[in-house]
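For reference, the structure discussed in these notes is given below.
The numbers here are math on the coordinates, done by the rules we state, and not lab data. Keep in mind that this is a model prediction, so the values were computed, not measured. Methodologically, a virtual Cβ is constructed for each residue, glycine included, from the backbone with ideal geometry; neighbour enumeration extends over all protein chains shown.
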Amino acid sequence: MITKHGFRFGRIVAYIGMATSFLLPAGSASAEVSEVRLAQQFGVNYLPLTVMKKHQLVEKHAQRLGLPAIKVTWTQFGAGNVMNEALFAGSLDIASGGVGPLLKIWDKTKGNLDVRGIASLGSMPLYLNTTNPRVKSIADFGKGDKIALPAVRVSIQAIVLQMATAKAFGLENYAKLEDLTVAMRHPDALAALTSGGTEINSHFANSPFQEQELQNPSVRRVLSSYEVLGGASTLNSLYTTKKFHDGNPKTYRAVFDALKEAVQIINKDKRAAAELYIAEEQSKLAPEFMQKILEDPEFIVTSTPQGIMKYADFMYRTKGIKNNPSNWKDVYFQEVHTEPGS
């Protein structure tokens, strides 16, 4: 069952008080959950989840592990902060989102809900695109510019924008461009940027929206997240609470193994993966266009986390998080610690 939500569940802090209800000892439940509720966002960066859903891989691996028939419910959100609130509210079991939202919720829940990553969905670049002919670099943005991104201050795009701004203006000025940002779903930002009829003249996007925008002769790329971070780094991850991880070991393993199989399916046949994305998203994009994105050497589909500490160190130095992990393994559950390339 697939549902799409645009509502909010209230501020995260309102649910911190619920934390004690989640702190049940492992194995206290008489049985594992009969339904697992997962969520994804917009973009081909979430393709492994689309493959999991289409091929019913969670159900397949749950059966392999001896679990009774399990119901898998998928929800689609426009931003990671809203998804995090759903996780706190108990209406979601497994969330997906950028490294920024993951680090923030890991930090906020340390010692109570203990949210951590399950695995990466891949290392893919993010492009900051603009229609402003005067903007040649991050330093050229100013009054009158409006940059669309999924969520102000907390989305992965917002964190990378802060990192780029710090490089250009100094660490103390990392939030210099924050007032120029506007929260907007990627599909809406694409339409706003390419129509030219709104105040939005820039978009910190993801694939395939960033590549679609660059087909417009009025749009050009200002920077890539890889340039800011100095190389490939994890974009999105799956994550959940310690309660779900400890209380549902077989269900958790089914999700983890389903994700790894989805990664293998995509890397084995990029053309088929492109066609699947178009069909499932009811997209009008050509299969060749999507296939080109998936075959780009910078578009790395892997469950292994990469470059997590680059984000964590920056967010700690700018007080975006209070706790600085000693290494990336602090942020992810142990099942992914021994994955190749980790």
Quiz item: Quick one: would you say Pro305 is within 20 Å of the chain's Cα centre (by Cα), assigned to a loop (DSSP other than H, G, I, E, B) and under 29 Å from Arg64 (Cα atoms)?
Solution: yes
Practice problem: Kindly indicate which of Met163, Met184 is touching a Leu at 6+ places or on another chain (Cβ under 8 Å) and touching a residue at least 60 places away in the same chain (Cβ under 8 Å). | Solution: Met163
Self-check item: Any hit, segment 226-234, residues being surrounded by fewer than 21 Cβ atoms within 10 Å (Cβ to Cβ), among the hydroxyl-bearing types (Ser, Thr, Tyr) and free of Cβ contacts under 8 Å to residues at least 12 places away in the same chain
Solution: no
Quiz item: Quick check: anything in segment 255-268 surrounded by 15 or more Cβ atoms within 10 Å (Cβ to Cβ) and part of a strand (DSSP E or B)?
Solution: no
Quiz prompt | Wholly within segment 36-150, strands (runs of 3 or more DSSP E) carrying at least 2 residues that are within 21 Å of Tyr311 (Cα to Cα) | solution = 94-98, 116-122, 127-130, 147-149
Quiz item: Just for segment 228-279: of the residues that are among the aliphatic types (A, V, I, L, M) and closer than 30 Å to Asp313 by Cα, which one is nearest to the chain's Cα centre (by Cα)?
Solution: Leu235
Practice problem: Take segment 164-174 and flag every residue that is surrounded by 15 or more Cβ atoms within 10 Å (Cβ to Cβ) and of a type in the set (Gly, Ala, Ser). | Solution: Ala164, Ala166, Ala168
